[in-house]
Amino acid sequence: MRKITRVGVFTSGGDAPGMNAAIRAVVRTALHNDKKVTGIYHGYQGMIDNTMFDMESKSVSSIIQKGGTVLKTARCMEFKTAEGRAKAYENVRAAGIDALVAIGGDGTFTGAEIFSREFDIPVMCIPGTIDNDLNGTDLTIGYDTANNTVIEAIDKIRDTAASHNRLFFIEVMGRDSGCIALNAGIAGGAEAILLPEKDTAIDELIEMLAHAADRNKSSMIVIVAEGDKNGGANNVAKRVHEKFGYYDTKVSILGHLQRGGAPSSADRVLATRMGYAAVNELLKGNTRATIGIRGSEMVTTPLEEALSKKELKLNEDLVEIAKIMAL
Ligand code: ADP
């Protein structure tokens, strides 16, 4: 088995609350096993630019409660080229790094898989994205926090909506995945939820809203995932308003506030378990895989497999429950 003396850790792609807790767990687990740790700033860009530094236990003090990522993150086009990756590898080798932990989404995983194969360097990935849209895990780091942020917003909007008898369209993140919309919609008691995975015709939506209006609801909330096929909350609101004038209509686009904030307890623990597992898997000789959670168990899935299954299925039970709860 290959000897590992120094682990490099970085965050890449979209940031997510809980990434810091994962970094902390990687650093402390590696140090516990007498390995050295290098932090790489700005993901793959930092490998190319050589922005790396030695990490000690105190480098990760008091970060578990912080949103964002202390290692910063970036999207790096140069890493998609063979020359860019060669430059990155030169710097990684020169720093004495002989294994990597990559925290990010599927773009980050793709880069890690290619890099590991090209230069035969062990890599373990940790799923960090609020979208919960990765294969190989039931949950990604940041998803729970984002859901909590969204329901807090829905609750607040509900207060004002009910005071004015308003119909609100709230747009949440999720270009391809309706996970946040569906979960936060159920938790926030939404009257309807529009998901990228489902085609909901405007007339069908109006029918649902008219049905709710017949029961003299004082407010109505429609959650629209940004990837919904009708084209986002503004478009949906406009089209509904043209045909359905019963309520005063407003739109609220939550945007990037869903990415920030202190990670929830669930995300901190998940990230800590994943960081711990990532280092231990590398030390056991596992490579080119992603850490995941299935039920309450930590598992690994080869990156090739995790990246090849593109279709993630929406939980149809939840879709049905959401409809029944809105009756
Ligand atoms: P996420 O990891 O959140 O999905 P991105 O899709 O932006 O975010 O990917 C993060 C980074 O991973 C990219 O900026 C790029 O540097 C690297 N990456 C993505 N796809 C590839 C690829 N096909 N080859 C090499 N690197 C890639």
> From the phi of every residue in segment 45-55, what ³J(HN,Hα) in whole Hz does the Karplus formula 6.51 cos²θ - 1.76 cosθ + 1.60 yield, where θ is phi - 60° and glycine or proline is x?
Replying inline: 4, x, 5, 5, 7, 6, 9, 10, 8, 5, 10
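Roughly how big is segment 1-53's charge dipole about its Cα centre, with Cβ charges of +1 (Lys, Arg) and -1 (Asp, Glu), in debye to the nearest 20?
Numbers: 7 positive and 3 negative charges, 72 e Å.
Around 340 debye, computed over segment 1-53.
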> What is the helix-to-structure angle for 19-32, meaning the angle in degrees between its Cα long axis and the longest Cα principal axis of the chain, kept from 0 to 90 and rounded to the nearest 10?
Replying inline: 30
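Before anything else, pin down the relative contact order of segment 143-259: Cα pairs under 8 Å, at least 6 apart, normalised by residue count, whole percent. Don't skip to the end; give the middle numbers.
Numbers: 217 pairs, mean separation 44.9, N = 117.
Rounded, it is 38 percent for segment 143-259.
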>> Between MET274, MET298, MET124, where does the largest GNM mean-square fluctuation fall for the chain, given springs only between Cα atoms within less than 10 Å?
In response: MET298
> Using the alpha-carbon centroid of each, what span in Å lies between segment 87-139 and segment 140-191?
Replying inline: 32
> What is the helix-to-structure angle for 316-325, meaning the angle in degrees between its Cα long axis and the longest Cα principal axis of the chain, kept from 0 to 90 and rounded to the nearest 10?
Replying inline: 30
> Whose amide H sits under 5 Å from the amide H of GLY231, counting only residues 5 or more places off or on another chain, with H placed in the peptide plane?
Replying inline: none
> In what sequence, highest mean first, do 193-201, 315-323, 235-243 appear when ranked by Cβ atoms within 10 angstrom?
Replying inline: 193-201, 235-243, 315-323
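Let me have the relative contact order for the chain, percent, based on Cα pairs under 8 Å that are six or more residues apart. Don't skip to the answer; put the middle values down first.
Numbers: 735 pairs, mean separation 75.7, N = 327.
Here the relative contact order equals 23 percent.
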> Of GLN45, THR73, ASN91, which is farthest on the positive side of the dipole of segment 43-97, counting Cα position, with +1 on Lys and Arg Cβ, -1 on Asp and Glu Cβ, and the Cα centre as origin?
Replying inline: THR73
>> From Cα pairs below 8 angstrom and at least 6 apart in sequence, can you work out the relative contact order of segment 1-130, rounded to a whole percent?
In response: 33
> In debye, nearest 20: dipole of segment 143-259 around its Cα centre with unit charges on the Cβ of K, R (+) and D, E (-)?
Replying inline: 280
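Would you mind telling me the antiparallel percentage of the DSSP bridges in the chain, rounded to 5? Write down the numbers at each step before the final one.
Working: 10 of 42 bridges.
The antiparallel fraction comes to roughly 25 percent.
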> From the phi of every residue in segment 113-122, what ³J(HN,Hα) in whole Hz does the Karplus formula 6.51 cos²θ - 1.76 cosθ + 1.60 yield, where θ is phi - 60° and glycine or proline is x?
Replying inline: 5, 5, 4, 5, 5, 5, 10, 6, 10, x
> Considering amide H positions built from the backbone, and no H for Pro or chain starts, which residues 5 or more places from ILE141, or on another chain, come under 5 Å of its amide H?
Replying inline: GLY128, THR129
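Assign unit charges at the C-beta atoms only (+1 for Lys and Arg, -1 for Asp and Glu), then state the dipole size of the chain relative to its Cα centre in Debye, rounded to the nearest 20.
Details: 38 positive and 42 negative charges, 205 e Å.
Computed charge dipole of the chain: roughly 980 debye.
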> What residues have an amide H closer than 5 Å to that of VAL172, excluding those fewer than 5 places away on the same chain, when H is modeled at 1.01 Å from N in the peptide plane?
Replying inline: VAL224, ALA225, GLU226
> For the chain, what is the calculated [θ] at 222 nm in deg cm²/dmol (nearest 500), taking -39500 (n - 2.57) for each run of four or more DSSP H residues and dividing by its residue count?
Replying inline: -13500 deg cm²/dmol
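Every number in this text was worked out from the coordinates using simple rules, so none of it is lab data. Just so it is clear, the model here is predicted, and its values are computed rather than measured. Cβ coordinates were reconstructed from backbone atoms using ideal geometry, including for glycine residues, and neighbour counts include every protein chain displayed.
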